[in-house]
Every structure is written in C-alpha cells, then in structure tokens.
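The values are calculated or read from the model by the stated rules, or taken from the named source; none is laboratory data. Every value quoted in this text rests on a predicted model; they were computed, and no experiment measured them. Backbone-built Cβ (ideal geometry, glycine too); neighbour counts: all protein chains shown. Surface areas here come from the heavy atoms of the whole protein model, side chains and all, with no ligands, DNA or RNA. Shrake-Rupley method; radii C 1.70, N 1.55, O 1.52, S 1.80 Å.
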Amino acid sequence: MFQDISGEFKLNIWHQVFPWYHEKYMKWRYPSLGDMKKNRASIKAAVEKELERRLESDTDEDDLLQYIIKTHSMKNTASSVESLTTYIQIMFFVGVLTTVGSTIALIQVVANDPSLIKQLLEEQEKAIDDEIEAQQLQNDDMDRNAFLVKNAAHIYRRLAKLDSLLREGFRQTKVETDQMEEFKPFRFVDRQAPSTKVGSDFLLFGMGKHACPGRWFAIHQMKGVITCLIRNYEITALKSGGIELTKRCPGNVKLDIV
Ligand code: HEM
C-alpha cells in the first residue's frame, strides 16, 4: 500500500505556493486516485468484517481498534466503517510509513560503509557486556542474543554511536557553520543531543507543540531493526542500488568482529 500510494503522491511547487490548492488537492483529488482507492477498499473490507465480528461477539480486546470502537461507541453502520478505515489509514501513515521509510534510509547508509557496521557492532558488544556487569550476572555461558532482547531498552540506551548516527542521518544542514556539510556519523556522541531532541537543526520529528509524540517509540523501533540487522546479517550494498543480506550468526556466541 505504501509503495503504491507514495508513487501516486507527487507534490509540485504549486502545493507550496498555494496552501489552499494543496488543501483541496488533499481533500478531493488525492483520495480519488486509483491506488489510494484500491488500497482503501481492501482495508475497508477487512475493517468491515472485523467490526462486525467484534460487535457481534461483544469482545473486549485490548488494542487500538477496540479503543476507537469503544471511544466512539461505533455501531455496525457504513459511516462507522468509513471512519474506522480512515483511522487505520492515518495510523499507518503516521506511525508506520514514517518509521519504515526512515529505517530504510539508515540501512542504506550503513550498507554503504562496512567500517560503520564494525564500529556499531563493537559498541553493541560492549553495551551487552556493560549491562551484564551492571546487573551483576555471570558473563561466561550467557545467551547474549536472548539477553539483548530481554534488556533491549537498557542496552539501546548505551548505544551512543547508533543514536548519533540516527541524528546525523536526518539532521538539517546549514545551521551550524563548522563542517556541517560533512557526514560524520558519530558527531553527536557526548554532545547531549539525543536523536529524540527536536530543534531547528533536527526537524525529522517537526518541532513546537505538534512535534511528533511517537518519536521515542519510533527511535526505539529503528534502533531495534538496525541492531538486529547488523547483528544477524552481513549487509552488502549492491551496484544495482539494492542490499544483500546474508545470515551470519548461527549461535548465541559473542560476535567475532572482523
Ligand atoms: C521515524 C518515524 C517518524 C517520523 C519521521 C515522524 C515525523 C513526524 C512529524 C514531522 C510530525 C509533525 C508534523 C507537524 O509538524 O504537524 C509528526 C507528528 C505526529 N506523529 Fe510522528 N513521526 C514518526 C513516527 C511516529 C510514530 C511511530 C507515531 C505513533 C506511534 C507517531 C505519531 C505522531 C502523531 C500522533 C503526530 C501528530 C502530533 C500533533 O499534531 O500534535 N509518529 N510526526
């Protein structure tokens, strides 16, 4: 769906010059484009079935869909199905498309720089060691992968280089003058500038009162994907622009970083 719709979503200069034109386009034209209609129809069909099932079985599931159904006292009507479909689409755009897009961009960056992967892996191993030590556990026969999964939040907090890479990857240029044109992945290590801190030099999540409230979650997810990917796969950038992944770590041993 995202791929279809992103291809259809082409904004030109007039959208910026005339906000009223953009507003009308988004309200009327965009929803009527072919791919948008097709994808909305398949979400709607699924939503319709699920709404009916939930209302009939009087279920009390603990998820987002149920929250919306309950909060708006939805009945099995055409307008409820329409609204629920719109909610789901918005949630996909806001919470999934953004995160997936940003993560893919970062994977491209690391895939093109094997030395970056090596440094991130070293950091990862050290973070696991440090967390094991902080919890006063025995390191010897530890299942390090399981430990990483279980203590992800604590371990990610120790990944200053990965956090810096995230900020550097999406920062704005031309704000500071010193070498800001240059890509320096670990520029923000020890600079008290985490990747969740918004500002005029870092607008990935917007700023001000409507700055993204999902950014902590999004960053956590992105760190998770990058961490697992570099830990478990050899990543090679192909000449075609694609990326090749080869499974690399069969066991739960400490990684031998070459
Ligand atoms: C890398 C991933 C993400 C990026 C790049 C991103 C980016 C943004 C940006 C730029 C805004 C501000 C829009 C404005 O200025 O009006 C925003 C708002 C918002 N984001 Fe995110 N976002 C991401 C992930 C998420 C996730 C995972 C969630 C929810 C779980 C989320 C929920 C929201 C919501 C609800 C708003 C509206 C806030 C408001 O209007 O007050 N975002 N996001």
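Would you please name the residue that is farthest from Q3 (Cα to Cα), looking only at residues in the stretch 97-110 that are open to solvent by less than 60 Å² (accessible area, probe 1.4 Å) and more than 7 Å from the ligand (Cβ to nearest atom)? Once the filter is applied, the top-ranked residue is V110. Considering the stretch 175-208, the residues that are open to solvent by 60 Å² or more (accessible area, probe 1.4 Å) and among the acidic types (D, E) include one that is modelled with the lowest pLDDT, namely E176.
List the number of the failed condition for A211; all other conditions in (1) surrounded by fewer than 18 Cβ atoms within 10 Å (Cβ to Cβ); (2) closer than 23 Å to D129 by Cβ; (3) within 16 Å of the ligand (Cβ to nearest atom) hold. Failed condition: (2). As a summary of the residue check, G241 satisfies the conditions (1) loosely packed, with under 13 Cβ neighbours inside 10 Å; (2) more than 9 Å from the ligand (Cβ to nearest atom); (3) modelled with pLDDT of 85 or more; (4) closer than 19 Å to T103 by Cα except for the one numbered (3).
Restricting A218, A152 to residues that are within 11 Å of the ligand (Cβ to nearest atom), open to solvent by less than 40 Å² (accessible area, probe 1.4 Å) and modelled with pLDDT of 95 or more narrows the list to A218. All conditions in (1) of a type outside the set (A, V, I, L, M, F, W, C); (2) open to solvent by 60 Å² or more (accessible area, probe 1.4 Å); (3) under 27 Å from Q192 (Cα atoms) hold for S79, with the sole exception of (3).
Here is a yes/no grid of residues against (1) touching a residue at least 24 places away in the same chain (Cβ under 8 Å); (2) in contact with a strand residue (DSSP E or B) (Cβ under 8 Å, 6 or more places away or on another chain):
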site	(1), (2)
V149	no, no
E182	no, no
V189	yes, no
H220	yes, no
L229	yes, yes
L238	no, yes
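Every test in (1) at pLDDT 95 or above; (2) among the hydroxyl-bearing types (S, T, Y); (3) farther than 18 Å from L106 by Cα is passed by S164 save one, and that test is (3). Against the numbered list (1) loosely packed, with under 14 Cβ neighbours inside 10 Å; (2) within 11 Å of the ligand (Cβ to nearest atom), E234 comes up short only at (2).
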